[in-house]
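Chemist: Please see the structure below; I have some questions.
The values are calculated or read from the model by the stated rules, or taken from the named source; none is laboratory data. Predicted, not measured: the structure shown is a model, and the values here were computed from it. All Cβ positions, even for glycine, are placed from backbone atoms using ideal geometry, and neighbour counts span all protein chains on display.
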Ligand code: A2P
C-alpha cells in the first residue's frame with residue numbers, strides 16, 4: 001500500500017485517503033481512530049457537529065504518546081458549525097475543536113455548510129432558528145477563518161457543500177480563495193463541472209459519502225434510495241479487478257484526483273478501505289462507472305430547507321430540484 005497525496009500551493013501534502021468520522025458513535029470512534037492510525041491512516045476528517053471530537057482527540061493523543069505517529073505526520077481536518085458563522089465567533093468555535101481534539105493546530109478547517117443558524121441552535125427546529133446569508137454573509141465567516149489562519153491555528157482553509165457559484169463569489173470577494181471544497185462525490189453524483197472548475201481554479205476536492213453513507217439516520221434517507229455498494233456495475237467491475245465494491249469506489253475517487261474519506265468503525269473494513277490503493281482501474285472500468293451518473297444526492301441538506309427557512313434546495317445547491 002503506497003499512499004498518494006494532494007499537494008497544496010505551498011507544497012503541503014494531504015493523504016488522499018482519510019478516515020471519515022461522521023456517524024461514528026463516540027464510544028466507537030476512539031477504537032476506530034486508534035486502529036486506523038495503527039494500520040497506516042494519516043488523515044482523519046472530523047467536525048465539531050459530529051459530537052465525537054473528544055474521543056478522536058483521546059485516540060490521537062495516545063497514538064502520539066505511544067510513538068505510533070507524530071503530530072506532523074497526521075493530517076487533521078475539522079469544520080466550523082453553522083451556529084458560529086459570525087466573524088467574532090469563529091475563533092471560539094475553532095478553540096473548542098482544538099481543545100476537544102487536544103491539538104495546537106489543524107491542518108485544514110472548513111466552513112461546514114453555506115447555511116447560518118442562530119448561535120444557540122445546533123440543529124434547527126423551526127424557521128426562526130435560521131439566519132440568512134444576507135444577515136451573516138459568507139465573506140464575514142471567511143474573514144474569521146483567515147484571521148485564525150494568520151494566528152497559526154490552521155494551516156489551510158476551505159469550505160464544504162459549496163456550489164461553483166458560491167466558490168466563485170467567495171474567490172471574487174476575498175484575496176484568499178478557498179483551497180479545498182469537501183462535497184458529496186461518488187459514481188451516482190459525479191459533478192463533472194465542479195471537477196473542471198476546481199482543476200482550473202486550483203481548488204482541491206474531498207469526496208464525502210463515497211460509499212453511499214448507508215448508515216445515515218432514517219430521517220435523512222429517501223424511500224427509493226439506490227445502493228451504491230450493491231449496484232450491479234459496481235459489483236461486476238470490482239469482481240473483474242479482484243477487489244471489493246468499497247475498494248472500487250475509493251479507487252475511483254482517487255483516480256479522479258480527489259481525496260476521499262470513507263467512514264468505518266470496523267477493523268476489517270478500515271483495512272479493506274486503505275488497501276484500495278493496491279487496486280488500479282482501466283479506462284474501460286472508469287467508463288463503466290462513468291455511465292452510472294444520475295445526479296443522485298444522498299445528502300440533500302433537508303435539515304436546512306424546511307418550510308419558512310431562508311434556504312431552499314435551489315438556493316442551497318444553486319441547482320434545480
Ligand atoms: P462500518 O462503519 O460498520 O464499517 P460513507 O463513508 O459513504 O459514509 O459510508 C459509511 C458506511 O459504509 C457505514 O455504514 C460503514 O459501516 C460502511 N462501510 C465502510 N467501509 C465499508 C466496506 N469496506 N464495505 C462495506 N461497507 C462499508
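Chemist: Can you pull out the residues in the stretch 191-218 that are within 16 Å of the ligand (Cβ to nearest atom), farther than 30 Å from residue 150 by Cβ and either touching a helix residue (DSSP H, G or I) at 6+ places or on another chain (Cβ under 7 Å) or not in a loop (DSSP other than H, G, I, E, B) (or both)?
Modeler: Result: 210, 211, 218.
Chemist: Regarding residue 235, is this residue over 19 Å from residue 113 (Cα atoms), under 17 Å from the mean Cα position of the chain (by Cα) and either assigned to a helix (DSSP H, G or I) or near the ligand (Cβ under 10 Å from one of its atoms) (or both)?
Modeler: Criteria not met by residue 235.
Chemist: So residue 202 fits all but one of (1) within 22 Å of residue 85 (Cα to Cα); (2) surrounded by fewer than 20 Cβ atoms within 10 Å (Cβ to Cβ); what number is the exception?
Modeler: Of the numbered conditions (1) within 22 Å of residue 85 (Cα to Cα); (2) surrounded by fewer than 20 Cβ atoms within 10 Å (Cβ to Cβ), the odd one out for residue 202 is (1).
Chemist: All but one of (1) at positive phi; (2) out of contact with any helix residue (DSSP H, G or I) (no Cβ under 8 Å at 6 or more places or on another chain) hold for residue 301, so report the exception by its number.
Modeler: (2)
Chemist: Then there is this: Considering the stretch 43-69 alone, what residues qualify as being under 23 Å from residue 93 (Cβ atoms), touching a helix residue (DSSP H, G or I) at 6+ places or on another chain (Cβ under 6 Å) and part of a loop (DSSP other than H, G, I, E, B)?
Modeler: Selection gives 46, 52.
Chemist: Which pairs do you get when a residue that is over 22 Å from residue 209 (Cα atoms), found in the stretch 1-28, comes within reach of a residue that is assigned to a helix (DSSP H, G or I), reach meaning Cβ atoms under 7 angstrom, with the pair 6+ apart or on two chains?
Modeler: 1/274; 1/275; 1/277; 1/278; 2/277
Chemist: What are the residues in the stretch 28-42 that are away from the ligand (no atom under 13 Å from the Cβ) and either farther than 20 Å from residue 71 by Cβ or in a helix (DSSP H, G or I) (or both), if any?
Modeler: Across the stretch 28-42, the qualifying residues are 30, 34, 37, 38, 39.
Chemist: Mind checking which residues of the stretch 72-108 are within 20 Å of residue 17 (Cβ to Cβ) and in a strand (DSSP E or B)?
Modeler: Result: 75, 76, 77, 78, 79, 106, 107, 108.
Chemist: Further question on the same structure: Filter the stretch 72-84 for residues that are closer than 22 Å to residue 122 by Cα and within 18 Å of the chain's Cα centre (by Cα); which is surrounded by the most Cβ atoms within 10 Å (Cβ to Cβ)?
Modeler: 78
Chemist: Let me ask something else about it. In the stretch 105-131, what residues are in contact (Cβ under 8 Å) with a residue 40 or more places away in the chain, surrounded by fewer than 18 Cβ atoms within 10 Å (Cβ to Cβ) and within 23 Å of the chain's Cα centre (by Cα)?
Modeler: 105, 122, 123
Chemist: Return the residues of the stretch 257-291 that are under 24 Å from residue 196 (Cβ atoms), out of contact with any strand residue (DSSP E or B) (no Cβ under 8 Å at 6 or more places or on another chain) and either assigned to a loop (DSSP other than H, G, I, E, B) or more than 16 Å from the ligand (Cβ to nearest atom) (or both); say none if nothing qualifies.
Modeler: If the condition is that a residue be under 24 Å from residue 196 (Cβ atoms), out of contact with any strand residue (DSSP E or B) (no Cβ under 8 Å at 6 or more places or on another chain) and either assigned to a loop (DSSP other than H, G, I, E, B) or more than 16 Å from the ligand (Cβ to nearest atom) (or both), then 280, 281, 282, 283, 284, 285, 286, 287, 288, 290, 291 are the ones that fit.
Chemist: So residue 266 ticks every box in (1) loosely packed, with under 15 Cβ neighbours inside 10 Å; (2) at pLDDT 95 or above; (3) more than 22 Å from the chain's Cα centre (by Cα) but one. Which box is left unticked?
Modeler: (3)
Chemist: On the basis of being surrounded by fewer than 17 Cβ atoms within 10 Å (Cβ to Cβ) and either modelled with pLDDT of 95 or more or in contact with a strand residue (DSSP E or B) (Cβ under 9 Å, 6 or more places away or on another chain) (or both), does residue 235 make the cut?
Modeler: Taking the combined requirement at face value, the residue satisfies it.
Chemist: Further question: Out of the residues in the stretch 238-256 meeting the condition of being part of a loop (DSSP other than H, G, I, E, B) and within 26 Å of residue 23 (Cα to Cα), tell me which one is farthest from the ligand (Cβ to nearest atom).
Modeler: So, considering only residues that are part of a loop (DSSP other than H, G, I, E, B) and within 26 Å of residue 23 (Cα to Cα), the one farthest from the ligand (Cβ to nearest atom) is 256.
Chemist: Taking the stretch 220-232 only, how many residues are more than 12 Å from the ligand (Cβ to nearest atom), part of a helix (DSSP H, G or I) and in contact (Cβ under 8 Å) with a residue 60 or more places away in the chain?
Modeler: Here the count works out to 0.
Chemist: Moving to a separate point now. Identify, please: which residue in the stretch 175-190 is assigned to a loop (DSSP other than H, G, I, E, B) and in contact with a strand residue (DSSP E or B) (Cβ under 8 Å, 6 or more places away or on another chain) and is, among those, nearest to the ligand (Cβ to nearest atom)?
Modeler: 185
Chemist: Still on this model: If residue 9 meets every condition in (1) assigned to a loop (DSSP other than H, G, I, E, B); (2) touching a strand residue (DSSP E or B) at 6+ places or on another chain (Cβ under 9 Å) apart from one, which number is that one?
Modeler: (2)
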